[in-house]
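The next block holds one structure in the form of structure tokens; read it before the comments.
The values are calculated or read from the model by the stated rules, or taken from the named source; none is laboratory data. Keep in mind that this is a model prediction, so the values were computed, not measured. Positions of Cβ are backbone-derived with ideal geometry, glycine not excepted, and every protein chain shown enters the neighbour counts. Surface accessibility is based on the protein's heavy atoms, side chains included, excluding ligands, DNA and RNA. Shrake-Rupley method; radii C 1.70, N 1.55, O 1.52, S 1.80 Å.
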Amino acid sequence: MRKIKQGTRNVYDVPPEETPATGPAHLPAEMLEAAVRRYHILMICFCTLTIALFFVLAGMLYRTNRAPAPPDQLVTAKKQAYVPFYTLPKESQWVIDYEREAEGMDRTASADQPFSIEWVKYAAYHLIAAQQSMEVEQIDEAISHFEKALVIFPGLRGINSRLGTLYLRKGIPNKAVKHLTAARAEQPDYAVLNNLGAALMAAGQTDQAEETLLQAQTENPDHPGSYKNLALLYQATQQHDQALTCFEDYFAKNDRDVDAMQLYAEYLITLDKKEQAIRFLKTFSLVHAENGLPLYRLLAAVEAQEQNKEAAVEALKQITDRIRPTLALNELHRPEFDSIRESAEFQELIRQVELATVRLEEPR
């Protein structure tokens, strides 16, 4: 019997051609790699888009800032002044939220409006806003708010007085006279009378101004304001004796007004009362030694004009001792001191000031 030789093989071996080309074990790694590639592509697109948007917005902002604002926007910006409502007391802070509503009511404000809570609140808003504007020296805004409140309640006391004072500070004397005259009818106290006298004087109504200021002086003889206003009034109308008397009375009650003192001394010089001016300047320059440079300067100029060289140089020393050497040299080169420039006293003072300007090198 013929024996058939059969080859043996491992039943667990798989022929190479039967091995699958793609096994399940390779699928997760390839999918992960593809996902990473997609993520990188998305990130690159996102960053590119973000950079592009940034440059577009930057260009728009640049063009917006360079472009001139339309006329109506310019006017609006001018009207919106800063008023520090955050400083209001607690009971008045309601105007912060009320401000926008009040702006919409401006066109309809009139004295014919019915007496209602709405218009009382509207007037109160303008009074509070006016007061806050005055706190930060926004005179135009304060005037506007007071005027609107006065339109709603013409009989409201105290507004005319404030409006008159503000118009006087603005240099509009006719409107100041109008409101202060109304305030005088409401309450003829000293402050109203004094301010009305000043307004009348500024408006050129000198007779009425004198009468009003004399009445103010009678109301409060200890207050210095009316004396100064009367002195200025008499000086302007060339009533020299009365003007000098009122100036002296004013300084007896207020010896801190350096500007008025300089004006008075210059007035004395124009009246050829130089000796009296020198005595006055010597007295009050000592009183105001720290802030009396204008008085010392005027005193030195008068002494130089009178050829009182030593006295002039002594007054100049008071100036040069109180300011920096470079500024002191400028003072010494003023033309009013040319008449004593060649004197030994003046040249010595210049030398001392020039030495003070030299800065020695500090030792190492």
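Assorted remarks:
- Extreme residue, most open to solvent (accessible area, probe 1.4 Å), among residues of the stretch 328-353 that are among the polar types (S, T, N, Q) and in a helix (DSSP H, G or I): Asn330
- Summed over the stretch 134-158, the residues that are part of a helix (DSSP H, G or I) and modelled with pLDDT of 85 or more give a count of 14.
- Residues located in the stretch 276-313, provided they are open to solvent by 50 Å² or more (accessible area, probe 1.4 Å), of a type in the set (Asp, Glu) and in contact with a helix residue (DSSP H, G or I) (Cβ under 8 Å, 6 or more places away or on another chain): Glu306, Glu310
- For Gln242: the one exception among (1) surrounded by fewer than 21 Cβ atoms within 10 Å (Cβ to Cβ); (2) at pLDDT 95 or above; (3) touching a helix residue (DSSP H, G or I) at 6+ places or on another chain (Cβ under 6 Å); (4) under 27 Å from Lys178 (Cβ atoms): (4)
- All positions within the stretch 183-207 that are more than 28 Å from the chain's Cα centre (by Cα), more than 16 Å from Gly171 (Cα to Cα) and crowded, with 17+ Cβ neighbours inside 10 Å: Ala183, Arg184, Tyr190, Leu193
- Here Tyr167 meets each of (1) over 29 Å from the mean Cα position of the chain (by Cα); (2) surrounded by 21 or more Cβ atoms within 10 Å (Cβ to Cβ); (3) in contact (Cβ under 8 Å) with a residue 24 or more places away in the chain with one exception, condition (1).
- Residues in the stretch 269-316 that are assigned to a loop (DSSP other than H, G, I, E, B) and under 33 Å from the mean Cα position of the chain (by Cα) were compared, and the one that is nearest to Ala236 (Cα to Cα) is Gly292.
- The condition of being in contact (Cβ under 8 Å) with a residue 24 or more places away in the chain and outside any helix (DSSP H, G or I) holds for Ile323.
- Of the residues Ala236, Ala203, Ala216, Ala209, the single one that is under 30 Å from Tyr296 (Cβ atoms) and among the small types (Gly, Ala, Ser) is Ala236.
- Pro325 satisfies every condition listed in (1) at pLDDT below 90; (2) open to solvent by 40 Å² or more (accessible area, probe 1.4 Å); (3) within 22 Å of Tyr267 (Cβ to Cβ) except (3).
- Pair list, Cβ under 6 Å, 6 or more apart: the stretch 198-213 residue more than 17 Å from Leu166 (Cβ to Cβ), other residue surrounded by fewer than 16 Cβ atoms within 10 Å (Cβ to Cβ) and modelled with pLDDT under 95: none
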